[in-house]
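Please treat every number below as a calculation from the coordinates, not as lab data. These figures come from a predicted structure and were not determined experimentally. Virtual Cβ from ideal backbone geometry, glycine too; neighbours counted across all protein chains shown.
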Amino acid sequence: MIEIKDKSQCCGCSACVSACPKECISMQSDSEGFAYPVVDRKSCIGCGLCEKVCPFINPGQDRKPVKVYAAKNSDEVIRMKSSSGGVFYALAESVIKDGGVVFGARFDASWNVVHGYAETVDELYPFMGSKYVQSSIGKSYVQAEHFLKTGRKVLFSGTPCQTAGLMHYLKNRYDNLLTAAVICHGVPSPKIWKIYLDKEIKSQVAGKTKASKRNMALSFSVDMPKITGISFRDKTSGWKNYSFVVRVKSVVEMDKSSVLLSDMHMVNPFMKSFLSNLNLRPSCYACAAKGGRACCDIMLGDFWGIENVLPDFDDDKGCSAVLIYGKRALSFVSTLPLIKHEVSFNDVSAFNSCLTSSVSHQHNRYFFFRQVAKGDTISSAYHDVVDDSFFKRFCRILYRKFGI
Ligand SMILES: Cc1cc2nc3c(=O)[nH]c(=O)nc-3n(C[C@H](O)[C@H](O)[C@H](O)COP(=O)(O)OP(=O)(O)OC[C@H]3O[C@@H](n4cnc5c(N)ncnc54)[C@H](O)[C@@H]3O)c2cc1C
Ligand code: SF4
Ligand code: SF4
Ligand code: SF4
């Protein structure tokens, strides 16, 4: 029976929940906002299935890819909407056009990140773009298994631990399954995301409504505009200089969207807490699914450093690193509308340490979560923990040693 004693040993993939024949495991969020499995011991029959499917208890083999490419989607509009080179869309569109089903991460109506599936090209768009929040798998493994058994093609995309979770959950190998994992820095806490959304983004939405009403001297009541889109990787200022962008329904023309917030990634507080490893799941500092251990057919990432490897290929609109594990995936990728060049594994790993190694644990992470729990905004919690003044460092040492 699964029992989480060390949180760094559970990535929250939900394979155990999906596999339990008694349905007696549920995912419950801890104080940091990360979900962990909790077993209803009264219903457990001790079959051990939950342990058998856990990718942290049974890590996969480290494999080397058979081919590595630098690749771009040949459709520039698709590429600009994607976080890297738009390779995910090319894979997904092909599977859908073949009557298949695509699983991926999207926002729900309340801007939580969840896994779901698409059966049409239109349903694919919400999966495009990286969302830097841990997605909830829900029933996706069970649904994917159902589609596989009916003989439909399935593309399952997600983080490496999610593709590993699916492969451990499925009892059989399926020729109609393709798995695509992203190269993964780590996943931020859904709770931190929600706090940032509620305290900082929504207050800006409210502020904008008031200002618009004042500017237009509106006497009638104007509803708070709805958020219409959130992009963690807007490429308007370039792929390398990407921005975090929030769009809302225009107060003036209700059928249009306007940009509420556009922050370069290095100044946005949520992105800063992500990139400095303050808001990640504990398992991301000791990841068991790095490199070939994701059990995936294809791995997709940003080809950081492309300007050094293939300078003529870099137009700052996005380039993907594509790592292919196996002949079946290789022949599938060869049919896609991609512009690509073969490169070496080292060309990718040289500028992308997350391909092979976990990010380093930050001693300030604990203080960051503590400040947020005390009611700080993400901006001020970030500011507090990176404040390196002698006084702040002294306070942190006191707290760590004596709880003062
Ligand atoms: C949390 C996270 C961390 C990442 N870290 C790195 C990194 O360190 N280095 C690197 O090179 N690349 C990283 N990537 C991958 C990169 O940002 C692109 O997602 C990837 O290159 C695919 O880009 P694309 O242009 O082909 O397609 P896009 O349309 O940009 O990507 C969409 C794909 O991302 C998946 N996805 C989006 N958000 C999530 C999520 N929250 N959980 C699971 N899957 C999600 C979708 O299911 C879909 O498969 C990360 C992605 C995520 C989601
Ligand atoms: S041992 Fe079996 S019944 Fe008990 S929680 Fe695990 S999978 Fe469920
Ligand atoms: S890693 Fe996945 S399978 Fe293992 S305990 Fe955590 S949620 Fe369950
Ligand atoms: S870093 Fe590893 S454990 Fe964390 S989300 Fe990515 S694959 Fe999962």
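For the options Ser26, Ser94, Ser334, a Gaussian network treatment of the chain with springs between C-alpha atoms closer than 10 Å singles out Ser334 as fluctuating the most.
Of Ala329, Ala15, Ala206, the residue with the greatest mean-square motion in the GNM of the chain, using alpha carbon springs below 10 Å, is Ala206. Annotation: extensible slack from Ser380 through Thr120 equals 89.4 nm (criterion: 0.36 nm per residue apart, minus Cα-Cα distance).
Take the Cβ atoms of Thr150 and Val66, set R0 to 35 Å, and the FRET efficiency comes out at 0.75.
Around the Cα centre of the chain, unit charges on the Cβ atoms of Lys, Arg, Asp and Glu (plus for the first two, minus for the last two) sum to a dipole of about 980 debye. Between Asp40 and Ser203, the C-beta separation translates, for a Förster distance of 35 Å, into a calculated FRET efficiency of about 0.30. Full extension of the chain segment joining Lys240 with Glu307 gains 23.0 nm, where the gain is 0.36 nm per residue of separation less the Cα-Cα distance.
Computed extension length for Lys97-Ser262: 55.9 nm, one decimal, from 0.36 nm per residue of separation with the Cα-Cα distance subtracted. Per-peptide packing, taken as the mean over residues of other Cβ atoms within 10 Å, places 171-179, 236-244 in the sequence 236-244, 171-179 from highest down. Spin-label model, Ala286 to Arg328: label points 7 Å out along the Cα-to-beta-carbon direction sit 3.3 nm apart. Looking at the square roots a ≥ b ≥ c of the eigenvalues of the Cα gyration tensor of the chain, which shape do they give, rounded for a/c under 1.5, prolate if a/b is larger than b/c, or oblate? Judged from the Cα gyration tensor, the chain comes out rounded (a/c under 1.5).
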